[in-house]
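The values are calculated or read from the model by the stated rules, or taken from the named source; none is laboratory data. This is a predicted model, so every value here is computed, not measured. In case anyone asks, the SASA skips ligands and DNA or RNA and just uses the protein heavy atoms, side chains included. Shrake-Rupley method; radii C 1.70, N 1.55, O 1.52, S 1.80 Å.
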Amino acid sequence: MKTAVPCYYHLDVEVSPDRVGQVSRILAAHLRFWDLDNLVQPVCGGVEMLLKAIDEHAKDKKTSIEMWWNGQHLITAIGDNDRAVRPDQELRGCLEHLAAVSDGWGCCATETGSKVIWFSQRARAGERVPLVPTAPAPQESEGLEVPREVRVTQLAGPAVLPDELLEEAR
């Protein structure tokens, strides 16, 4: 049996119009390195849309991007530091798009008052994923003799008759 290798990537970036395309290419390169070519378009498209919205509406352009691959799901998270940008107003169109193209998404606040927007993509069955072989389990090549005729009373102990059980209970 083979299992997928978990992967993680973190990128801190100050968002600007020319950096959006560069970040997208960096993330695409990591996805291809992890053999997740089929997730490049939805992930990079979602990240580009969020980064453009952050660039347009946020005063603080410092952003963190993280990707986690656990062998079945790729979770992408974008965290910004601007408290003024509200997901339900400025980022509403981005979140609607993420909801339509991802398997799951969400937005949560941090202790500092900033927010993290995440979305997940599932790798479908039959897709190529990075695999590593597991070590084979040790096996015994010798067979053990199994006793063929063993009396049940020898295995369970002395038998107690029903009459004796009633007398013991009184």
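Results, tabulated for the structure shown:
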| item | result |
| --- | --- |
| 1.4 Å probe accessible area per residue over region 1-82, in Å² | 51 |
| Chain lengthening between Ser16 and Lys61 when straightened (0.36 nm per residue, less Cα-Cα) | 15.4 nm |
| Exposure rank, largest accessible area first [Asp80, Asp12; 1.4 Å] | Asp12, Asp80 |
| Per-residue SASA entry for Ile78, accessible area with 1.4 Å probe, Å² rounded to 10 | 10 |
